[in-house]
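Read the structure below first, then the notes.
Throughout, read-outs are computed from the coordinates displayed, never taken from laboratory work. A quick note: this is a predicted structure, and the numbers were derived from the prediction, not measured. Cβ placement follows ideal geometry from the backbone for every residue including glycine, while neighbour counts extend to all protein chains displayed.
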Amino acid sequence: MDIRWSVWLEPCSADIVRYRKLISECCEKFSSPVFDPHMTLFGRVGIEPESTFSFFEDLISDNTSFSVKTLGVTAGEPPWKSLFIQLEACEALLNLQAKINDFFKSFRHYTFDPHVSLAYGDLTIHQNEMDAIPLPECIRFSAVALVMTPDTIENWKNIKKYSLVD
């Protein structure tokens, strides 16, 4: 059984609605599976997630929600960085990710690159298509989620969610 899971940062309720719609539109356009909006803080850990719950409970109690500036829409390496919004790494984001990285780095190496994916797969994307994607100035993040992330996107499943303090 594939127990790989990831740590996601999820947008606040207002932004999650906006990005669900945008991701749905992009996935329909490029015939890609739909998924929930998120920024991956640490990906594809192969340990039992329950063993980390107390770590996340302590971590979240010390962190508040925060906004991250958007830098632009771009295309990258398929299948996991095919179409995405690149984000600026603010201090709050870097501090949160560093604590998570310190906890998990003995299990695997992870290179953090702050972005929100809009579509996955082997896609052909033209610059004018990227330019047409509406981009707000920033995205507000308000929760950390632990999510089962096997290779099949349709099988992604939430394990546990922790709300950041407002």
Leading residue by the ranking (farthest from E129 (Cα to Cα)) among those in region 41-94 that are of a type in the set (S, T, N, Q) and in contact with a Gly (Cβ under 7 Å, 6 or more places away or on another chain) = Q86
Is it the case that I139 is over 24 Å from D15 (Cα atoms), surrounded by 19 or more Cβ atoms within 10 Å (Cβ to Cβ) and of a type in the set (A, V, I, L, M, F, W, C)?
-> no
Matching residues in region 121-160 (touching a helix residue (DSSP H, G or I) at 6+ places or on another chain (Cβ under 6 Å) and either basic (K, R) or part of a helix (DSSP H, G or I) (or both)) number 1
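Within region 22-88, which strands (runs of 3 or more DSSP E) (wholly inside it) include 3 or more residues that are surrounded by fewer than 19 Cβ atoms within 10 Å (Cβ to Cβ)?
66-75
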Quick one: A132 ticks every box in (1) within 12 Å of the chain's Cα centre (by Cα); (2) surrounded by fewer than 16 Cβ atoms within 10 Å (Cβ to Cβ); (3) not acidic (D, E) bar one, so which box is it?
-> (1)
